[in-house]
1. Please tell me the relative contact order of the chain in percent, rounded to the nearest whole number, where contacts are Cα pairs under 8 Å and at least six residues apart.
2. Can you pull a Stokes-Einstein diffusion coefficient for the stretch 97-226 at 20 °C (1.002 mPa s), Rh from Kirkwood over Cα pairs, as a whole number of µm²/s?
3. If R0 is 41 Å, what FRET efficiency do you get for residue 436 and residue 138 from their C-beta distance, rounded to 0.05?
4. Express in nm, to one decimal, how much length is gained between residue 185 and residue 74 on full extension, taking 0.36 nm for each residue of separation and deducting their alpha carbon distance.
5. Please report the base-10 log of the normalised intensity I(q)/I(0) for the stretch 1-109, using a Debye sum with one equal scatterer per alpha carbon and no solvent, at each q in 0.21 (1/Å).
6. Taking Rh as the Kirkwood radius computed over C-alpha pairs, what is the Stokes-Einstein D of the stretch 140-195 at 10 °C in a medium of viscosity 1.306 mPa s, expressed in µm² per second?
7. What distance in nm separates the simple spin-label points at residue 125 and residue 146, each placed 7 Å from Cα in the Cβ direction?
8. What Kirkwood hydrodynamic radius, in Å, does the stretch 199-334 give when the mean of 1/r is taken over all pairs of distinct Cα atoms and then inverted?
Ligand code: NOJ
């Protein structure tokens with residue numbers, strides 16, 4: 001088995017250093033803090049940490065506005081602190097991937113400052129300029145709550161510059177080979193420090209062409225192929241993971257022939273998990289799985305329930321979007337752009353059974369699962385904070401001052417802690433859950449352990465079963481001679497399903513959490529009953 005395909009068996013954990021642990025009482029999390037809490041992540045059983053941007057930044061897009069690609073933000077510590085963290089993570093067999101924001105920089109980046117300073121400055125052509133704001137008219141505005149156009153007038157340059165995100169994030173010009181070379185140097189810098197790969201931000205938007213949507217253009221794929229070629233030649237086994245919030249058929253080309261990304265997030269499957277459980281019907285989920293094209297053997301999907309952004313609803317129909325808003329974001333304050341700024345637990349009304357159902361589903365689908373920091377303890381959100389900060393509040397470690405996140409005075413924390421009676425840090429925190437064998441944290445830990453007993457979850461094929469009862473989702477995952485049967489009750493009431501397991505005639509299902517042996521599969525339909533939101537993982541054995 002190629003060691004370079006480690007990502008296929010990995011459980012990923014996404015975190016923002018800023019929100020994790022603050023070691024020097026300035027109100028911002030930092031690398032020393034993170035290093036001191038690696039025990040938690042090791043015990044949880046995750047394999048790879050995805051760190052959100054760690055670079056110098058004016059923080060107008062929470063670090064996705066980068067002002068220097070080859071340094072650490074001073075609030076997070078020094079490059080030596082980063083090295084010490086990386087060594088310690090690696091010692092514990094935790095891999096680490098960082099962010100590669102290719103598409104744009106901060107307007108504070110020296111490149112942009114140079115570029116705007118004079119038309120003949122060599123950096124001018126590093127960005128996309130125009131004398132008018134009517135080029136690329138067919139291009140949608142992504143941050144539609146804050147931006148009206150993808151062009152902004154720069155009074156210094158006396159020209160418009162192009163930006164797909166905030167107006168303080170000018171897009172780089174990938175038609176310029178100097179930009180591509182520089183970004184490769186950035187990658188090399190981090191790879192040489194030892195990072196295991198990159199989550200590549202905003203991939204579809206790298207290149208612009210008149211008369212197109214400026215998304216997913218062939219030229220963008222050329223850029224990615226070139227970076228991948230350089231990465232493989234320099235440091236094989238490092239991961240490239242694409243953030244491309246697109247339909248599966250448009251994401252598929254980002255795997256190329258195994259020569260672009262190793263992984264890409266499966267965006268459309270995410271809202272459909274939430275739809276399926278609210279509708280108590282597997283259809284939305286099965287439809288999207290059916291529509292998901294096969295990917296090269298060396299590639300993998302990344303699946304997730306929540307992340308640091310809004311729960312995006314760009315990939316569902318208008319009717320589905322309305323339904324999602326009314327069911328999951330009745331309070332308009334919970335909505336932003338085309339999505340919902342809530343965390344997993346509050347989205348599911350704090351219902352432990354639904355949280356377990358959704359997390360089990362996440363861990364059963366083809367692909368490698370991503371856990372968003374805090375979701376392992378069911379942290380809440382604060383929809384009254386600006387932008388998407390609702391889901392970025394400090395990690396809740398214990399019930400003491402500042403939840404054990406920081407020794408700074410509470411007013412200095414970069415974001416306030418969640419203090420509501422239900423989700424506040426006195427009620428929801430790591431320490432408390434570590435002392436409670438029935439906590440969500442323990443359950444998650446167990447789920448991850450059990451998942452790791454079989455490679456079928458990361459690598460197996462999937463065959464969806466079609467029991468008449470639509471409230472039940474059932475499928476098998478098979479790798480070589482090993483098959484796991486997954487059965488999930490998407491509804492709040494007990495259900496019975498008759499499964500056609502003809503392909504596994506004679507097998508004995510062994511429940512994977514407790515080892516109980518279930519009746520042998522016969523030619524007749526296999527009858528299973530499940531409690532509300534009940535789930536089963538069975539290993540099919542031939543004894
Ligand atoms: C995608 C990131 O996930 C999001 O947080 C950010 O605002 C945009 N890219 C722009 O960088």
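Where a number appears in this text, it was derived from the coordinates with a stated rule and is not lab data. Not measured: the values here are computed from a predicted model. Cβ placement follows ideal geometry from the backbone for every residue including glycine, while neighbour counts extend to all protein chains displayed.
1. Reported as a whole number, the value is 13 percent.
2. Numbers: Rh = 15.3 Å.
Diffusion coefficient, whole number: 140 µm²/s.
3. Values: r = 54 Å, r/R0 = 1.33.
With a Förster radius of 41 Å, E is 0.15.
4. Numbers: separation 111, 0.36 × 111 = 39.96 nm, distance 2.17 nm.
Length difference between fully extended and current span is 37.8 nm.
5. -1.14
6. On the way: Rh = 13.3 Å.
Translational diffusion coefficient: 119 µm²/s.
7. Simple spin-label model gives 3.2 nm for this pair.
8. Details: mean 1/r = 0.0615 Å⁻¹.
One over the average 1/r among Cα pairs gives 16.3 Å for the stretch 199-334.
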